Structures are given as C-alpha cells and as structure tokens.
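Here the structure is laid out as structure tokens; the discussion comes afterwards.
The values are calculated or read from the model by the stated rules, or taken from the named source; none is laboratory data. Given the structure is predicted, the values throughout are model-derived calculations rather than measurements. With ideal geometry, Cβ positions are generated from the backbone for all residues, glycine too; neighbour counts draw on all protein chains shown. Ligands, DNA and RNA are stripped out before the accessible areas are found, and what is left, the full protein with its side chains, is counted by its heavy atoms. Shrake-Rupley method; radii C 1.70, N 1.55, O 1.52, S 1.80 Å.
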Amino acid sequence: MTSPNRSKPASNVEWQEDRYPQPLIKKRTPFTYFQAGWRFLTYLFQREMRYYRKRPIDTLFFLTYRCTSRCKTCTLWQRTDKADEMSLDDWKRTVDMCAEQGATYFEMFGGDALLRPDVLVPLVEYIKSQPGLACDLVTNCNLMTEKMARGLVEARIDDIWISMDGVAEDHNLVRGKERTFNRVEMTIKWMLESRGSSPYPLLHANTTVSNLNYNTFDRVLPYADRMGMDFNHLEYVGEFWDELLDQSIIDGVRPNPYFVRQDGLSVLVNEEQARTIKAKVAQMKKDVRRMNISLQCENVDKLSIKQMISGFCDNRRCYITRGKVTVDPKGNVVGCGFYGDWILGNVRQQHLKDIWNGEKHRQFMKHIAQGNMKICDHCILGVQRNPTPAQNIRDYFNRALGRDRT
C-alpha cells in the first residue's frame, strides 16, 4: 500500500539533526548546497559547544530490558528480570529532571518497550504536553495493536523507528521469530491510517546490516517506499566479544553490552560480503532518487571495508556520555548503555542535577578520554554519533562528492 497523504519536504533541504545529522538534498542547486553547508557548519559549532559544556541534550529511556524478539545480532532478550521496573510516575519525574537540565529529546527504548503499556503511551503524552520536547519509539512491533498505534499517534509522538532487517522471511530469520514481519506490516498500516493527512509521526525502517542479510537488506528500501514510510536507515551491525570485554574492565566494572557474539558466532562480514554491501548501497542511492522515501546510509558510508571486517570503528571521542542521559529500567543513570553496571546515581533517590557531571560521571568521562575502554574502538553507535569535527567535515564532503570509503 502507499499512503495517499505522503508527507513532502517543506523545503529543498531537510535536516535530521535530532538523531543523525545529515543534509538530505532534494533539489540540487548551488543555493541548496550552500544552505546545507551553512547549516552543517552551524550544527558542528553547536555540537562542540555542547561537548565541552557537558549538558544533557537527549535521553535514552530503557523502559524495560525484557524483549519479545530473539535477535541473532542482539542479546537484550536474554535479560528477563522485571523486578523493580520504574512506574509511570517515576518516569514522569525523570522527564522533568532531564528537561530541567536541558534535554529536549526522549527516546523510548528496550528490550521491547511495548511490554510496558502502562507506561509507554501515557509517558509520550506527558512529554508532548510540555513545550519544546520531542520523543520517539524504537520497536520490533511484536506487541503492537491498532489501539496502541492510534494512541501513539494521538499522543503526538514524533518518530517511530521500526526494526526491519529484511522483507518477509528474511526479516524473520534475523529476528529469530516466525511471523514477526506480519506484525511489522500491520504496524505500518495502522500508523499511516492513524496519522491521516499529518506527516507525523515520521516512520523509519531501521535496517541492521550483517552477514545474515548482506545479500537481501536492499529489498527493504523499495518495500518501505511502497508502504508509504518516510525513511530507510541503514546501520552496520555492532559486535563485541569476551576478550574485548575483559580488556575494558575499569575500576573493577566489566562492560555488559548487548551486541555480543552468541555461541561464539560472529555476525560481521567477510571481504566479499563487505564489497557486496558497498555495491548495493551505491545502487540504492541511485534508486532512491526515483522514490518518495529518503535513504540514510552514512553509517555504512563512513566504514571502510577493512573496518566492516574487523569491527574497528576509529572512534576518537564520545559525545554520547557527555550529552545523552541513559536511564535503565530501575532508574539507574549509567555512564553508557554498554556499561550498565557503572552507575552514576539513581533518579528515584537523587535529582539528576546531583548525578550529571558528578564525581562518578567525571571519572567515567576521564576513563574514556584516556582510552581505557577497548570496546569504544568497536562501538558502532559512535560511528554516526561520535565523529570529531575533522571526521565530520571529511565525511560531509565525501557524501557531497559522491565518494565512498572502500
């Protein structure tokens, strides 16, 4: 199906700076290139200011660690503890504290956030009732219902990120569950029907590329376009392993990331598969010009073939730990989602102003600056979120000139 009320860009240049900054140039003229370049430089300046100020910009709320998928690229589903998860009132207070400290964007995450229907829609309503705040949901759609979809749209959620690692059985294979793609299709349909003539929420097909789908991931783009979605975002798979985690212990705390090899099997690609991915992305960039959907593939563009094979990401700074407030299901503010046991404080017991940039936070940032965590070199999240100004400028001009890292 296609949406008859498909949203069109309001100008010739859209700027997706809330999650993944990049110029999406729809009409290529000297003015639009200048406009995109100026906004990009402005963004870089503001980003550096925020880095040194160490002020919260956005938040990551793990409403639960529990999950209904059995993904081969993620191990969050192995965390089944639901004891002492925060209540709706707890989360509302957390929103207030984060907003007071300057955060304006709130990501509802899991696990499967749909396992918390008592929290999800009411919390979105609460966030959107406050001027200047925005929020999104990342979902596998397994528990989505028409009522839930309508509730999220009526609550005025800004973005829905739908995990889509392939089409039909290709998706089910990666997700480890049968018929999960059927629920994805129904969710898209319900969301489009509920939003009607409004362009919101924006619907993103979020595709993780690995050796499980290297030859089929490109089928998502034409499918998502036909369905009436707004974006297809490609992100290369992240992966850690035990030796790397053992080399990343700081002050006795071992990282516990959820992108970990399962049964010793790697999901990183080999050289032939990496070249296949690069070739498919190049073709997708051509194909998308004839579509209504936008393609976001800078994550894959920034990685060389050698990096895709090794998982090494060349991260030199961490903007995430300085600007993103990560809160786990029990209310612990953690230094990083991959260091869930490095607890800066708890929002049930303390105000965020006493946690953020406190002693534990400063100590964690110092370890990162000194390069004490080896897993940071393999953090796929940092590819888009943590480039230095020099890396950002290099990648910007590479994209503008149509170049790709090989």
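A few points about this structure:
- Selection count, segment 152-167, where residues are open to solvent by less than 10 Å² (accessible area, probe 1.4 Å) and more than 18 Å from A224 (Cα to Cα): 3
Results for (1) at pLDDT below 95; (2) hydroxyl-bearing (S, T, Y); (3) open to solvent by 40 Å² or more (accessible area, probe 1.4 Å), shown as yes or no for each residue.
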position: Y20; (1), (2), (3): yes, yes, no
position: P23; (1), (2), (3): yes, no, no
position: F45; (1), (2), (3): yes, no, yes
position: D58; (1), (2), (3): yes, no, no
position: S69; (1), (2), (3): no, yes, no
position: T94; (1), (2), (3): no, yes, no
position: M97; (1), (2), (3): no, no, no
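- Matching residues, segment 106-151, being in a loop (DSSP other than H, G, I, E, B), open to solvent by 50 Å² or more (accessible area, probe 1.4 Å) and among the charged types (D, E, K, R): D118
- With respect to (1) over 28 Å from T145 (Cα atoms); (2) open to solvent by 10 Å² or more (accessible area, probe 1.4 Å); (3) in a helix (DSSP H, G or I), the lone exception for Y223 is condition (1).
- Y52 passes every criterion in (1) surrounded by fewer than 16 Cβ atoms within 10 Å (Cβ to Cβ); (2) of a type in the set (F, W, Y); (3) touching an Asp or Glu at 6+ places or on another chain (Cβ under 6 Å) apart from (3).
- K177 among the basic types (K, R) and within 12 Å of P201 (Cβ to Cβ): no
- Listed by first and then second residue, the pairs with beta-carbon distance under 9 Å, at least 6 apart or on different chains, first residue in segment 203-219 and touching a residue at least 12 places away in the same chain (Cβ under 8 Å) and closer than 16 Å to K285 by Cα, second among the small types (G, A, S) and open to solvent by 40 Å² or more (accessible area, probe 1.4 Å), are R219/A168.
- I249 vs. criteria open to solvent by 20 Å² or more (accessible area, probe 1.4 Å) and β-branched (V, I, T): yes
- Residue list for segment 174-200, filter: in contact with a Cys (Cβ under 9 Å, 6 or more places away or on another chain) and under 15 Å from D159 (Cα atoms): T187, I188
- Any hit, segment 72-82, residues being crowded, with 19+ Cβ neighbours inside 10 Å, under 17 Å from T326 (Cα atoms) and among the hydroxyl-bearing types (S, T, Y): no
- Failed condition for D89, given (1) modelled with pLDDT of 95 or more; (2) crowded, with 17+ Cβ neighbours inside 10 Å; (3) assigned to a helix (DSSP H, G or I): (2)
- Per the listing G228, G238, G264, the residue uniquely of a type outside the set (S, T, Y), modelled with pLDDT under 95 and surrounded by 16 or more Cβ atoms within 10 Å (Cβ to Cβ) is G238.
Conditions (1) within 20 Å of W161 (Cβ to Cβ); (2) touching a Leu at 6+ places or on another chain (Cβ under 6 Å), marked per residue:
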| position | (1), (2) |
| --- | --- |
| P30 | no, no |
| W38 | no, no |
| M97 | no, yes |
| G111 | yes, yes |
| E125 | yes, no |
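- Selection of first residues in segment 300-322 that are aromatic (F, W, Y) and of second residues that are assigned to a helix (DSSP H, G or I) and open to solvent by 20 Å² or more (accessible area, probe 1.4 Å), restricted to Cβ pairs under 9 Å at least 6 apart or on distinct chains, gives the following pairs, ordered by first then second residue: F312/K306; F312/D377; F312/H378; Y319/R50; Y319/Y51; Y319/R385.
- Enumeration of residues in segment 95-134 that are farther than 22 Å from L202 by Cβ and of a type in the set (S, T, N, Q): Q101
- R254 surrounded by fewer than 23 Cβ atoms within 10 Å (Cβ to Cβ) and closer than 19 Å to I375 by Cα: yes
- Members of segment 194-209 found to be touching a Phe, Trp or Tyr at 6+ places or on another chain (Cβ under 8 Å) and open to solvent by less than 20 Å² (accessible area, probe 1.4 Å), listed by number: L203, H204, A205, T207, V209
- Considering residues of segment 267-289 that are out of contact with any helix residue (DSSP H, G or I) (no Cβ under 8 Å at 6 or more places or on another chain) and open to solvent by 90 Å² or more (accessible area, probe 1.4 Å) only, the residue nearest to D230 (Cα to Cα): R289
- All positions within segment 283-304 that are within 22 Å of the chain's Cα centre (by Cα), assigned to a helix (DSSP H, G or I) and not charged (D, E, K, R): M284, V288, N299, V300
- Neighbours by Cβ (under 8 Å, 6+ apart or cross-chain): first from segment 77-98, within 23 Å of S129 (Cβ to Cβ); second surrounded by 13 or more Cβ atoms within 10 Å (Cβ to Cβ) and at pLDDT below 95: C98/P56
- Selection status of L212, in a helix (DSSP H, G or I), among the hydrophobic types (A, V, I, L, M, F, W, C) and over 20 Å from M108 (Cα atoms): no
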